[in-house]
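Quick notes on the structure that follows.
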Amino acid sequence: MASTTTLKLPDELKARIASAAEAANQAPHAFMIEALAAQTALAERRQEFLATALAAEQEVAEYGLIYDADEVLSYIEAKLNGKSVKRPKAKKLSA
């Protein structure tokens, strides 16, 4: 069930929202809900990205294995071009 939330918007922002909503053929309410949903999804994806990066950093710290970025890029490009190539091998991180 939906609950009611009150937002106090500056007059300029309210006018901009009304204009953008009209251009998108939406009611301002629908436009704001869509905008809030999009920003929430973006924030969630950012948090997921950061969590994945931190986990990768911990894995490197624990095992010391890395992939050479140029080798990975070459591998991906070859695969996209339909070539049969070997996967890059992880290497020990040199201190």
* To do: Give LEU54, LEU50, LEU7, LEU13 a once-over and let me know the one that is loosely packed, with under 10 Cβ neighbours inside 10 Å and either aliphatic (A, V, I, L, M) or assigned to a helix (DSSP H, G or I) (or both).
  => LEU7
* Of all residues in the range 32-65, which are over 30 Å from PRO88 (Cα atoms) and either of a type in the set (Gly, Ala, Ser) or in contact (Cβ under 8 Å) with a residue 12 or more places away in the chain (or both)? -> MET32, ALA35, ALA37, ALA38, ALA41, ALA43
* To do: Can you confirm whether the range 60-77 contains a residue that is among the aromatic types (Phe, Trp, Tyr) and modelled with pLDDT under 95?
  => yes
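The values are calculated or read from the model by the stated rules, or taken from the named source; none is laboratory data. Everything quoted here is computed from the prediction, not taken from an experiment. Reconstructed Cβ throughout: ideal geometry from the backbone, glycine too, with neighbour counts over all protein chains shown.
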